[in-house]
Amino acid sequence: MSLGKRAPAPGGPALDGVRHRTTETPIVPFLIGEFDKTLVFWRKLFDAGVFTNPVVPPALPPSRCRLRTSVMATHTADQIDYALETFGRLGKELGVI
C-alpha cells in the first residue's frame, strides 16, 4: 500500500515531500530522521488528532527515527486526506519536508 498512490478526493491533499515507504501492509512508515524532531512531530500530530507510533532508539539508530501509521479499511477518504494534509503542513513547519 502506498498513501502516495491513493487517489485523493477531488481537491484533496497530495503526499508531496513526505518520505514514506511503499508497503504491502497497513503499517506505513514515515522516515523523519532526528530523534528530537521525531518526538516533536509525533506530539504535534497527536495534538492535531492524527495517531502515529514513534519508532526511536533502541529500536533503530538515532538518525533513522520514524513515525508509523496504520491504515484501516474503516478509515474514510476524508480521514486519510486530513492525515495527509496534517503530515504535510506540520512536516513543512518542522523542516522535515
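The values are calculated or read from the model by the stated rules, or taken from the named source; none is laboratory data. It should be emphasised that the depicted structure is a prediction, and the values quoted were computed from it without experimental measurement. All Cβ positions, even for glycine, are placed from backbone atoms using ideal geometry, and neighbour counts span all protein chains on display.
Structure values in brief
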| read-out | value |
| --- | --- |
| Condition met for LEU60 (aliphatic (A, V, I, L, M) and at pLDDT 95 or above) | no |
| Pairs where the first residue, in region 75-88, is closer than 7 Å to VAL50 by Cβ and the second is modelled with pLDDT of 95 or more, C-beta under 7 Å, 6+ apart | ALA83/VAL50; THR86/LEU45; THR86/ALA48; THR86/VAL50 |
| Flag if VAL55 is surrounded by 14 or more Cβ atoms within 10 Å (Cβ to Cβ), modelled with pLDDT under 90 and on the phi < 0 side of the Ramachandran plot | no |
